[in-house]
1. Is it the case that Ile104 is open to solvent by 30 Å² or more (accessible area, probe 1.4 Å) and over 15 Å from the mean Cα position of the chain (by Cα)?
2. Within region 246-255, does at least one residue satisfy the condition of being touching a helix residue (DSSP H, G or I) at 6+ places or on another chain (Cβ under 9 Å) and farther than 30 Å from Asn331 by Cα?
3. Just checking, does region 345-367 include any residue being surrounded by fewer than 22 Cβ atoms within 10 Å (Cβ to Cβ), of a type outside the set (Phe, Trp, Tyr) and in contact with an Asp or Glu (Cβ under 7 Å, 6 or more places away or on another chain)?
4. Are any residues in region 118-128 open to solvent by 50 Å² or more (accessible area, probe 1.4 Å) and in contact (Cβ under 8 Å) with a residue 12 or more places away in the chain, and if so, which ones?
5. For Ile308, are the conditions met, namely being open to solvent by 10 Å² or more (accessible area, probe 1.4 Å), out of contact with any Asp or Glu (no Cβ under 8 Å at 6 or more places or on another chain) and more than 24 Å from Ser88 (Cβ to Cβ)?
6. Of all residues in region 261-299, which are in a loop (DSSP other than H, G, I, E, B) and either in contact (Cβ under 8 Å) with a residue 24 or more places away in the chain or under 14 Å from Val179 (Cβ atoms) (or both)?
7. Taking region 44-84, which residues are at pLDDT below 70 and under 15 Å from the mean Cα position of the chain (by Cα)?
8. Given Lys156, Lys107, which one is farther than 29 Å from Gln30 by Cβ, charged (D, E, K, R) and modelled with pLDDT under 80?
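The values are calculated or read from the model by the stated rules, or taken from the named source; none is laboratory data. From a predicted model like this one, the values you see are computed outputs, not experimental measurements. Backbone-built Cβ (ideal geometry, glycine too); neighbour counts: all protein chains shown. Please note that ligands, DNA and RNA were not included when accessible areas were found on the heavy atoms of the full protein model with its side chains. Shrake-Rupley method; radii C 1.70, N 1.55, O 1.52, S 1.80 Å.
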Amino acid sequence: MKEAMNIIFGLLGGLAVFIYGMNLMSECLQKAAGERMKSILAMLTKNRVLGVLAGALVTAVLQSSSATTVMAIGFVSAGLMTLPQAISIIFGANIGTTITAQIIAFKITDYIYVFIFVGFLISFICKNEQIKNIGRTLFAFGLLFLGIETMGGVMKPLASSPVFTNMIAQVGGIPILGVAVGTLMTLVVQSSSATIAVLQNFASQAGPDGVTSILGLTGAIPILLGDNIGTTITALLACVGQSRDAKRTAVAHSLFNISGAVIFIWFIKPYAALIRSISPAGPEVEVISRQIANAHTLFNITMTLIWIGLLGVMVKIVMKLIPDGKVEETNLAQPLYLDKNVISQPAAALRLVAQEVLHCSDMVTMMISDAARAITSSEAQTINQITEYGAAVSSLSKEISDYLTDLFSSGALTEQQAAQSARLMCVLNDVERMGNLSVEMAGSVQDKISYNYNYSQEAIDDIEKSLLQILKMYGDAMAALTKGDQDALQKILKDNEQVRNLDFKMQTQHMRRVKAGMCRKELTAPFTQILGCIDRMGNSCINLAEGALNQMSFEYFIVDNKE
């Protein structure tokens, strides 16, 4: 009983150390890659071949095909990439995930503690963030192998247990049972890399003769196929509540792995023979870990080569399985781009945040335009629309702020990403302020209507002129942020001076009209409030333009990925 408990907790403890090491390595690799991650993401929407390559590279950095798939689902749900592009990325992700198994196949048992010590030393002593992240990556790499070594140590007694060897013989003799075991393992652990690592370790245990594997390659391959099926559950869970294309992307991931398992399960023995012929020779227990890694890699490369030529067929299949339905009414306050499943990949998450801020900015542009129209027409419908959009902008701003807060608290941001995110928050504050000022202006117009007051045509024309000038300034400021126009600030300062001069003129002329009895004195308060809103809008436009000069640019977050 005691021995059984030692084995169970040894396996669980080793698995915990392995998964922790793998997640830590993923986080540190992302930070070490830093700005290079943006370049990789820029490849995502080029074409299907580069999509496969980018998917493989991203997965190599994230150390998880599930993470890459979740990111692709987030992008396709946000409309940042098409369904075929997302599917090609998933093909690449399945290749990229095999790198972990290839690394594990290296026998570095004697150097585990060297990696842990050197990694700790570098991360503890060095002050440079980039070098510290390299040190942490080495440390995590060592932990990953320490977990594997721990699992391998507690598995040794199992090899001499007749009950266990008989059970394994049954699994090895019935491929479909092996697939079921592999699927169940990955469903529980939620990481195919972890379950394949366990499989490699277990298969490396010697049978009674001390030379052959307790499981053998023909017994390991069905479990490997099941591991590939099990890993698709993460993508299926991530697509819940997402767009139809997001659900189709997740289903495509499942179809890729399930179709592969269905094809390969009929050729287990010849496939095992092929893998043995291309893998290093030697006693089975010495080379089976590499054989499993090679089987994993060749399986995914083969399925990618099959499906990349049939990408159009895959798209048709998933669209048939999840057909278009009726178009749902859009909720203005609902984020279009934010996806909390992507927070662990900051380069991708920040791209989504930038898109959401631009989405807010587009709504504010419409609000300013509506405000100019409300001044001239006094239409209740226009005023109500401004109020509705204002509530949506406020709600979205809170959602974005909370999302950025989660990103900061995750600790996954590099120093440069954190600095740019703080600047992005400042931009969001000014965008929201512009929206709030539009709502305040609409309220002043509403007050005028309620008391049946009317501005003179001269006043209406001047206010409209000022607002149209503000609209131009706001457009120039956002163009400066998105396109890096360094001359924008001077143009905006000049325009703002014109607005202020016009405001002063309007205030003076209004008092003259009141004195002459041409305007009612009750109009002074709402009129002054409108002019105050216009003045503060001009200041916000200047803030946005100054942000562009202070190295705040949406180009940092949204890399141009057009051919």
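1. For Ile104, the condition - open to solvent by 30 Å² or more (accessible area, probe 1.4 Å) and over 15 Å from the mean Cα position of the chain (by Cα) - is not met.
2. yes
3. no
4. At the first step, the residues of region 118-128 found to be open to solvent by 50 Å² or more (accessible area, probe 1.4 Å) are 118, 120-121, 124-125, 127-128.
The answer is Val118, Phe120, Leu121.
5. no
6. Of everything in region 261-299, just one residue is in a loop (DSSP other than H, G, I, E, B) and either in contact (Cβ under 8 Å) with a residue 24 or more places away in the chain or under 14 Å from Val179 (Cβ atoms) (or both), namely Pro283.
7. Leu44, Thr45, listed by residue number.
8. Lys156
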